[in-house]
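Trainee: Provided herewith is a single structure, encoded as structure tokens, for subsequent inquiry.
Where a number appears in this text, it was derived from the coordinates with a stated rule and is not lab data. Since the structure is predicted, the reported quantities are computational estimates derived from the model, not experimental observations. Quick reminder, even Gly has a Cβ in these numbers, built from the backbone with ideal geometry, and neighbours come from all protein chains shown.
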Amino acid sequence: MSTEGESYGAFVRRQFRKSAFGMISVWVVGVIAVIAILADVLANDKPIACSLRGELSFPVATELGVSLGLTQWNAEFATADWKALPYDWAVFPPIPYAPGSTDKRLVTLAEREPSGAHWLGTDHLGRDVVAGLIHGSRYALSIGFVAMSIALAIGIVLGALAGYFGGGIDMLISRLIEIVITFPRFFLIITIVALVESGTLWLIMALIGLTGWTSIARFMRGEVLRVRNLDYVSAATALGYSTPRIIFRHVMPNAIAPVLIYAAFGIVSAILFESALSFLGFGVPPTVVTWGSVLHHARSSTYSWWLAIFPGAMIFITVSAFNLIGDALRDATDPRLRS
């Protein structure tokens, strides 16, 4: 029961906090997000800070600047074996391996198993699994949020136009939605990725987003059809407000809240799509380590159980957390819970 004068946002937050699984899932996603943000500090073959012949350096921060084009390595660091440099002192990350660095000393299957040197083992190339999972969390969340943002932008705009104007515009957009839905989404993405010689992470994000907006558009259309006949929309029309202002300032803000709940489930779908593509070998480039790409290597090494269990567990935990958040949001926004 809501208290008198309580805003809708406060009501939703209060109802959401009643869901134990929803709150736990928020903390789980928060931890994964922190790991993704601090991935370079948590797992890297370069020191976080070091002193070399009396000169203080921050290689991890410099590496980020190099990747952004803001700075460049000096000649000594450009091709350095970081662990062999004569440091005065150095502070390495907790996992002293980058996701792409290989330990060539590991030859047999027994040597690649989880050990004190590699807590969750390595793949067939000697790449540390923990480092891959840590950096893979960044790609998983990036793909989920970016792809879902693209799908939301397209679906919300098209759904709002169809619901508000109706008539021919509604028919045209509805037929477009039906056409896009008829395509087998997964196999369409595989086909496009296979035709592109050098697939990138951005291509995967774009394809998932450009093919995942149909359900959002249909949901948004229904919400706008409900909202457009309310009194405040009629009042805005009578006051002579322009159509774009009515749609974007009055209709969409009041119809979008239930649609955003779908975003949690859409993020799950995007993460699973990327994992499935990488598992089949159609995903990101081989130099990029994601949870799905680690699973892909488990196919060719049947006895490397750690390559299947640990990335599979990360996918399961992340997907379950977002699903539980979506369920909690759906329950929290149920108008039947309000007095």
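Trainee: Would you mind counting up the charge near residue 254? Only other residues with Cβ under 15 Å from its Cβ, with Lys and Arg at +1 and Asp and Glu at -1.
Mentor: Within the 15 Å Cβ shell, the charges total +3.
Trainee: What's the angle, to the nearest 10 degrees (0 to 90), between helix 306-332's Cα axis and the longest principal axis of the chain?
Mentor: Around 20 degrees separate the two axes.
Trainee: Net charge within 14 Å of residue 219 by Cβ-Cβ distance, Lys/Arg positive one each and Asp/Glu negative one each, not counting residue 219 itself?
Mentor: Computed value for this residue: +3.
Trainee: If we count other beta carbons within 10 Å of each Cβ, what is the order of 63, 223, 274, 55, fewest first?
Mentor: 55, 63, 223, 274
Trainee: On to the next question. Report the net charge of residues surrounding residue 45, where surrounding means a beta-carbon distance below 12 angstrom and charges are Lys +1, Arg +1, Asp -1, Glu -1.
Mentor: -2
Trainee: Related question: Taking Cα atoms, how many degrees apart are the long axis of helix 214-227 and the longest axis of the chain, rounded to 10 and kept between 0 and 90?
Mentor: 30 degrees
Trainee: Sequence neighbours fewer than 8 away in the same chain don't count; with that in mind, list the lysines whose C-alpha is under 28 Å from residue 83.
Mentor: The reachable lysines, counting only those whose Cα sits under 28 Å from residue 83, are 46, 104.
Trainee: Mind listing the long-range amide H neighbours of residue 52? Cut-off is under 5 Å, sequence gap 5 or more, other chains count too, H placed in the peptide plane at 1.01 Å from N.
Mentor: 57, 88
Trainee: Cα-based Rg of the chain per 2.2 N^0.38 Å, rounded to two decimals?
Mentor: Its radius of gyration relative to the 2.2 N^0.38 Å reference: 1.22.
Trainee: Further, regarding this structure: Using Cβ contacts closer than 10 Å as the measure, can you line up 145, 322 from fewest to most?
Mentor: So the residues, fewest neighbours to most, are 145, 322.
Trainee: Farthest toward the dipole's positive end in the chain, which of 242, 191, 205, given Cβ charges of +1 (Lys, Arg) and -1 (Asp, Glu) about the Cα centre?
Mentor: 242
Trainee: With everything on Cα atoms, drop me the angle between helix 185-195 and the longest principal axis of the chain, reported from 0 to 90° to the nearest 10.
Mentor: Taking Cα atoms only, the helix is inclined about 50 degrees.
Trainee: Order by neighbour count: 52, 109, fewest other Cβ atoms within 10 Å first, most last.
Mentor: 109, 52
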